[in-house]
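Asks: Encoded as C-alpha cells, here's the structure I'll be asking about.
The values are calculated or read from the model by the stated rules, or taken from the named source; none is laboratory data. In this text, all values refer to a predicted model and were calculated from it rather than measured experimentally. All Cβ positions, glycine included, derive from the backbone under ideal geometry; neighbour counts span all protein chains shown.
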Amino acid sequence: MTLTNIEVKEEPLKLRQDFTLFQNERCIMKIFKPSLALPIMRESEVVGYVFHGEGKLVIDAVIETPKGAIGRPVERKIETPFIMLAPFEKVRKLREDLVSANISDLKQKGYEGLGEFIKAARELCSQTFRKTCFGTFLENRSHIFAFKRKDQRKIDLLVSKDDKLAYISGEKLFAFKRGKSVIIKPGKLLIAKSNKTLVVSRN
Amino acid sequence: MSDEEQPSKDDIEIEKLKREVADLKEKLNRLHEVIEGHRRVPKAHRIFIDVGERIRDYIEDVMEDVAEGIAGELEKSVFIGPHGIRVFKHRWKPRLERGELETKIDFSKVASVMSALGSEHRLKILRDLMRGGKYVSELQEKLAGITASTLSSHLDILEKAGLVVQEKVRGRYLITIPGRMAYRMARKLAKICQEGVEIDID
C-alpha cells in the first residue's frame, strides 16, 4: 500500500527548542532549534513533518561478539530537508514545541518564500513515497525517517519501532532487534544472534 | 451382435482405468510445467516484502552482491564444467622475501598500536574490556585512583589505534577484534621477556 494520499500542509512552523525525535538503545535522532517544519497530512490527520534545519542521527552499528566488537557507530548530521512519520502521540507532543514561522525564518534557511519550502518538501515526499510503502509501518506505530545526505542521490531510510531498527544508507543496511543484528556492506555480510556470529566477507 | 464382439465388463473397466491414467498423466505433466515455470523465476523475485520497491531492489542487489562474492570464492577452488565438478588445491605461493615483507608493513600503524599498548593503565583497560563492554564509570571503579580526564585520554588513544570502540548512544566501551589480539600478543610477549629464552649449551 503506497501512501498516495499524503499531503504537505502549507503551514510553516519552527521548532522553539531542541527535540529528541526518536531514541532507543541503539539509535538517537535529534533535531535542534530553530529548524523549520511543515506538517504531513494523511486523510486530514497530521502523521508527521518535513523538517529543515539541523538534525543529528547516531546509530550504534557495533556488534559485540565473543571475539571482539565489529563495526563502528554511525553519526550523520542532517542539514537538508528530511521527513519524519511517527505515531500520533509523538506528533502531538512535537506540535507543542512548534510555533508559526515567518518569512525571516524561511530566509535564514535559504528560502525566498513559503512556496520554495513547500516545493522542496513536496519533492522529497514525492521521491520518498512514490515507490515505498509506508502504510503498514504507520499503522504499526513505527517511526520513519527519510533524508538525503549531501551529494547523495539516494534517500537514506530509518525505520524503527520499540527496540527494532533498520537503517538503509546507500549500499549499507543495518538491522537490529534485541540480541540480533544484521549488517550488510558491500562485500560483507554480518549476522549476529546472542553469542553466535556469522561473517561472510569477500576478503 | 455376437458375444465376442461385445466388450466384456473387464475390458470396459480396463478402458476406464486407462483413460483415468491418461488424465492423471496429463495433470502430472501440467503440474511439472507449473513447477518448472516457478523454478525459472529466481526466488528473490517471488518474495514480496511489504517495505517498498526501493528496499526490495536494494535487498536484491545486496543478495546478488553476496552471491557474487561467494561464487568468486568458490571459483578459486571449484570448477564446474561439462565433465562434472573439479576441486583444485590451493596454489602454492612463494614466501615473501624479508625486504619485500618490510616494505609491506605500515610502520606508523605498527608504532601507533604498540604505543597504545605501552601504558599500564591502557593494558588494564583492555583486560577489563576483555570481560565485556563497560561504561566509563565502571572502568574508573576498576582502575582505582585514576581521574576521569586521564581515563578519557587513555580511552581516546585506544580508540584511535582501533583497539576499542565506543557506542555513541549507550556510551559503553567495547574491545575490538584487533584489541583482543593486541592484548593477547602483549601478554605473550611480556611472558617470553620475563621468562627469557634459555639455550642449552651442554
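Asks: At pLDDT 90 or above and of a type in the set (G, A, S): is that true of A:A37 in this structure? Reasoning before the result, please.
Replies: Working: at pLDDT 90 or above: yes; of a type in the set (G, A, S): yes.
Against the criterion (at pLDDT 90 or above and of a type in the set (G, A, S)), A:A37 qualifies.
Asks: Could you say whether any residue in region A:34-42 is touching a residue at least 24 places away in the same chain (Cβ under 8 Å) and within 26 Å of A:A192 (Cβ to Cβ)?
Replies: no
Asks: I'd like to verify a number: residues in region A:58-75 that are surrounded by 18 or more Cβ atoms within 10 Å (Cβ to Cβ) and in contact with a helix residue (DSSP H, G or I) (Cβ under 7 Å, 6 or more places away or on another chain), how many?
Replies: Residues meeting the conditions: 2.
Asks: Only one of (1) in contact with a helix residue (DSSP H, G or I) (Cβ under 6 Å, 6 or more places away or on another chain); (2) within 9 Å of another protein chain (Cβ to nearest Cβ) fails for A:V46. Which number is that?
Replies: (2)
Asks: Report whether or not B:E138 is acidic (D, E), within 14 Å of another protein chain (Cβ to nearest Cβ) and either under 30 Å from A:K30 (Cβ atoms) or touching a helix residue (DSSP H, G or I) at 6+ places or on another chain (Cβ under 6 Å) (or both).
Replies: no
Asks: Right, something else. Residues that are in a helix (DSSP H, G or I), surrounded by fewer than 21 Cβ atoms within 10 Å (Cβ to Cβ) and within 11 Å of chain B (Cβ to nearest Cβ): does region A:141-159 have at least one?
Replies: Scanning region A:141-159 turns up no residue that is in a helix (DSSP H, G or I), surrounded by fewer than 21 Cβ atoms within 10 Å (Cβ to Cβ) and within 11 Å of chain B (Cβ to nearest Cβ).
Asks: Of the conditions (1) over 11 Å from B:A161 (Cβ atoms); (2) modelled with pLDDT under 90; (3) outside any loop (DSSP other than H, G, I, E, B), B:L129 satisfies every one except a single condition; which number is it?
Replies: Of (1) over 11 Å from B:A161 (Cβ atoms); (2) modelled with pLDDT under 90; (3) outside any loop (DSSP other than H, G, I, E, B), only one is false for B:L129: (2).
Asks: Still on this model: Within region B:167-182, how many residues are crowded, with 17+ Cβ neighbours inside 10 Å and more than 7 Å from chain A (Cβ to nearest Cβ)?
Replies: So the count comes out to 3.
Asks: Considering each of A:G115, A:G68 in turn, give the residue that is within 14 Å of chain B (Cβ to nearest Cβ), more than 22 Å from A:L165 (Cα to Cα), of a type outside the set (D, E, K, R) and more than 14 Å from the chain's Cα centre (by Cα).
Replies: The match here is A:G68.
Asks: In region A:1-57, what residues are buried (at least 22 other Cβ atoms within 10 Å of the Cβ) and aromatic (F, W, Y)?
Replies: Residues satisfying the conditions are A:Y49, A:F51.
Asks: Kindly provide the set of residues from region A:172-194 that are facing chain B (nearest Cβ under 9 Å) and outside any strand (DSSP E or B), ordered by number.
Replies: A:P186, A:G187
Asks: Test B:L151 against the criterion of being closer than 20 Å to A:T65 by Cα and part of a helix (DSSP H, G or I), and give yes or no.
Replies: no
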